[in-house]
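The values are calculated or read from the model by the stated rules, or taken from the named source; none is laboratory data. Only a predicted model underlies this, so the values are computations on that prediction, with no experimental measurement involved. Counting neighbours? That spans all protein chains shown, and the Cβs are built from the backbone with ideal geometry, glycine included.
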Amino acid sequence: MKQLKHLKGDLRVPGDKSISHRALIFSVLTRGRSTVAGLSPAYDCASSIACLQALGLEIEPAGQADSVSIMSNGVTEMKAPATHLDAGNSGTTIRLMAGVASGLQFQTTFDGDQSLRRRPMSRVLDPLGAMGAQIEYLGKAGCAPFSIAGGTLRGIAYPVPVASAQVQTAILLAGLQADGETVVTVPGVVRDHTLRLFQYLSIPHRVDNPGSIAVKRLSEPIEPYQIDVPADISSAAFFMVAAALLPGSSVRLSDVGVNPGRNLVIEVLQRMGAALTIENERIVSGEPVADIAVRYESRLAGATIGGDEIAAGIDEIPILALAGALGSGIFTISGAAELRVKESDRLKAIVSNLSAAGAHITELPDGFEIEGTSSLAGGSIWETFGDHRLAMTGLIANLISNAPVEVDDRDCVRISYPTFEADLDRLLNH
Ligand code: S3P
């Protein structure tokens, strides 16, 4: 049996991936030079940069590390790309860029890696088609690769059937290039980075009720901007859970974005009895930011999570499952069928990996149920299916298990957090 380690120290995890994508992509709406500081080093964000460069934007490193300068001549001056746009593994890149491409006066072709080619695109392309974009699927219907011949768009009123910030943002980006009004309504609470950027960048819009945003064609480009990106709560979540589970741990995660549509992980850990405090709350570039202190106090309790609250923790369910596996009660996730169409089928993968590591877990059609145990046996292989969040969850599973858990592909962490292992080592070897 191996000796369990603990985490200690301060860490600022890299910039938020969702906000970074938007800070990059919204530059198409400007004319002039913008700066984004604290940009996420995620390979996913590099995919957004490459797509924008292929359309004629100039994006270069600026001054300090993780800062870029973006030169845009406005949406009307974008150039037809020489080849297809490669979104790599990034759902946010392909969906948001599809919204941009719908208003461009030429054809753009999109593709991605094997994982992205399996993910549903019709949730974005159906409404964009209804607005007047000409969509053609070049492989399997409903999936990448596809082409969009953009042109004259008309606004629509669209109730998004799934609680998806990506779909909402894609349609709004098209709506800013469309005749008439576009009204997008999402069910429940999703991350509202797009709305906050509309406010911060003075992009004209109307909020009819929470979840319903209306826009019209931008009459002129918006002013170039400076955005400071907070640390990514989805990356910080791995350390929050590890510190709450490993006796002797005490970490302080600084500058973390605590958007109300992203804070389920905090809520749930507190509900389970974790010693987690939010300090120094402030607003940076329109987003709520705070320092999060977590220390080990005692074994966590179980929790029941489901329904509308899932969207606010959609990317943190894999790591929260580890907290549930070591809890003193039952831990249930329901209403999370969306996890089946992320970078992998995350429900299936969590259940098979945790059960191989010795957890008592049962798969549900839209979630899973865990009967907590006081220690996890480990001695298993953790299959990532090339999914970055599963890889990082597996690396934390290894720390909390009695025998090693071997993660089959650690390189894929670079999709969201290239320095994850180095940062984890630093907190372990304080
Ligand atoms: C994201 C929204 C979420 C999330 C993804 C990033 C975004 O996807 O899972 O990692 O930046 O808008 P959905 O909006 O499809 O749920």
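Within region 70-80, is even one residue surrounded by fewer than 24 Cβ atoms within 10 Å (Cβ to Cβ), touching a Leu at 6+ places or on another chain (Cβ under 9 Å) and on the phi > 0 side of the Ramachandran plot? Yes: one or more hits.
Listed residues Glu338, Glu363; which is in contact with a Ser or Thr (Cβ under 9 Å, 6 or more places away or on another chain) and either surrounded by 16 or more Cβ atoms within 10 Å (Cβ to Cβ) or hydroxyl-bearing (Ser, Thr, Tyr) (or both)? Walk me through how you get there before you give the answer.
Values: Glu363 fails: either surrounded by 16 or more Cβ atoms within 10 Å (Cβ to Cβ) or hydroxyl-bearing (Ser, Thr, Tyr) (or both).
The conditions single out Glu338.
For Ala50, are the conditions met, namely being away from the ligand (no atom under 16 Å from the Cβ), aliphatic (A, V, I, L, M), in a loop (DSSP other than H, G, I, E, B) and not assigned by TED's automatic domain parsing to the domain that holds Gly379? Considered against the rule, which asks whether it is away from the ligand (no atom under 16 Å from the Cβ), aliphatic (A, V, I, L, M), in a loop (DSSP other than H, G, I, E, B) and not assigned by TED's automatic domain parsing to the domain that holds Gly379, Ala50 comes out as no. Can Arg154 be described as within 15 Å of the ligand (Cβ to nearest atom) and surrounded by fewer than 20 Cβ atoms within 10 Å (Cβ to Cβ)? Spelling it out, it is not the case that Arg154 is within 15 Å of the ligand (Cβ to nearest atom) and surrounded by fewer than 20 Cβ atoms within 10 Å (Cβ to Cβ).
Being of a type in the set (A, V, I, L, M, F, W, C), buried (at least 20 other Cβ atoms within 10 Å of the Cβ), outside any loop (DSSP other than H, G, I, E, B) and touching a Ser or Thr at 6+ places or on another chain (Cβ under 8 Å): is that true of Ala312 here?
Details: of a type in the set (A, V, I, L, M, F, W, C): yes; buried (at least 20 other Cβ atoms within 10 Å of the Cβ): yes; outside any loop (DSSP other than H, G, I, E, B): yes; touching a Ser or Thr at 6+ places or on another chain (Cβ under 8 Å): no.
Here the answer is no, as Ala312 does not meet what is asked.
Note on region 81-92: among residues that are part of a loop (DSSP other than H, G, I, E, B) and buried (at least 16 other Cβ atoms within 10 Å of the Cβ), the one that is nearest to the ligand (Cβ to nearest atom) is Ser90.
If I filter region 132-190 down to residues being of a type in the set (Val, Ile, Thr) and more than 25 Å from the chain's Cα centre (by Cα), which single residue comes out as farthest from Ile203 (Cα to Cα)? So that I can check it myself, show each step before the final result.
If we filter region 132-190 for residues that are of a type in the set (Val, Ile, Thr), which is where we start, we get 135, 148, 152, 156, 160, 162, 167, 169, 171, 182-186, 189-190.
After this cut, where a residue has to be more than 25 Å from the chain's Cα centre (by Cα) as well, the list is 135, 152, 156.
On the way: Ile135: 27, Thr152: 21, Ile156: 19 Å.
Per the stated criteria, the residue is Ile135.
In the set (1) of a type in the set (S, T, N, Q); (2) in a helix (DSSP H, G or I); (3) away from the ligand (no atom under 16 Å from the Cβ), the condition left unmet by Thr108 is number (2).
It is to be established whether one or more residues within region 178-194 are aliphatic (A, V, I, L, M), within 16 Å of Asn259 (Cβ to Cβ) and at pLDDT 95 or above. Looking through region 178-194, at least one residue is aliphatic (A, V, I, L, M), within 16 Å of Asn259 (Cβ to Cβ) and at pLDDT 95 or above.
Residue-wise test of (1) in contact with a Lys or Arg (Cβ under 7 Å, 6 or more places away or on another chain); (2) within 19 Å of Ala50 (Cβ to Cβ); (3) not aliphatic (A, V, I, L, M).
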| site | (1), (2), (3) |
| --- | --- |
| Gly103 | no, no, yes |
| Gln107 | no, yes, yes |
| Ser115 | no, yes, yes |
| Ser122 | no, no, yes |
| Pro127 | no, no, yes |
| Met131 | yes, no, no |
| Phe146 | no, yes, yes |
| Gly151 | no, no, yes |
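With respect to being hydrophobic (A, V, I, L, M, F, W, C), in the same structural domain as Leu104 (by TED's automatic domain parsing), outside any strand (DSSP E or B) and within 18 Å of Arg262 (Cα to Cα), Leu197 fits the description.
Taking helices (runs of 4 or more DSSP H) that fall entirely within region 345-430, which contain at least 2 residues that are small (Gly, Ala, Ser) and assigned by TED's automatic domain parsing to the domain that holds Ser328?
Working: elements: 346-356, 388-400, 420-428.
By residue number, 346-356, 388-400.
Would you mention how many residues in region 175-194 are assigned to a loop (DSSP other than H, G, I, E, B) and under 17 Å from Thr92 (Cα atoms)?
Here is the first cut: in region 175-194, the ones assigned to a loop (DSSP other than H, G, I, E, B) are 176-177, 180, 186-192.
The next check asks that each one be under 17 Å from Thr92 (Cα atoms); those that pass are 186, 190-192.
Number of matching residues: 4.
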